[in-house]
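The values are calculated or read from the model by the stated rules, or taken from the named source; none is laboratory data. Nothing here was measured: the structure is a model prediction, and the numbers come from that model. Using ideal geometry, Cβ is built from the backbone for each residue, glycine included, and neighbour counts are taken over all protein chains shown.
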Amino acid sequence: MISMKRRTFLKGSLAAGTVGAAVGAGLLTPRMVFAAWPTGAFQATTVDGALDGLVGSHQLEGSDKISIRAPDIAENGAVVPVSVTSSIADVESISIIAEKNATPLTASFTLGKGTEADVSTRIKMGKTSSIIAVVKAGGKLYSTGKEVKVTIGGCGG
């Protein structure tokens, strides 16, 4: 029994060492992931600029089929839990925007075909602001918003 544990440990150590050496040598890098990163969208300083950089348009249509769960009052803006769900058919992506942040786009999720449109994350908010959920489905952009009051800012405030 002890020899099996030792054998498993040695195999795991060898595999971890090999992967570590490959990463150190530059053979394994996440270049493909970084290639698709929407840098301009996450660096934009306006809501319209963020949406243009992310999906190429800022023409939003309001929808009651999107639900945002977030606290009415966030005591600490550094960690604000936000969940977005949608009953719109064929959702392609869900993005979360904090309107008055220095860089408003806080998160963007690309969903696979047939995936349930339900995401949760924690965002930073510098001050009291509207949180806007943007859902892309069928080539159109749908949105809804919620006001969150922040007592202690999380973005240097």
Notebook entry, point to check: Can you spot a residue in region 99-122 that is surrounded by fewer than 19 Cβ atoms within 10 Å (Cβ to Cβ), acidic (Asp, Glu) and closer than 21 Å to Ala41 by Cβ?
Noted result: yes
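Given region 1-62, what helices (runs of 4 or more DSSP H) lie entirely inside it while holding 3 or more residues that are at pLDDT below 65?
By residue number, 2-25, 31-35.
Can you find, within region 128-142, the residue that is surrounded by the fewest Cβ atoms within 10 Å (Cβ to Cβ) among those that are within 16 Å of Thr45 (Cα to Cα) and not hydrophobic (A, V, I, L, M, F, W, C)?
Within region 128-142, the match that is surrounded by the fewest Cβ atoms within 10 Å (Cβ to Cβ) is Ser130.
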Next item on the list: Identify, by number, the condition in (1) crowded, with 22+ Cβ neighbours inside 10 Å; (2) part of a strand (DSSP E or B) that Met125 doesn't meet.
Entry: (2)
Check: If you take the residues of region 71-98 that are buried (at least 19 other Cβ atoms within 10 Å of the Cβ) and over 12 Å from Val134 (Cα atoms), which of them is nearest to the chain's Cα centre (by Cα)?
Finding: Val82
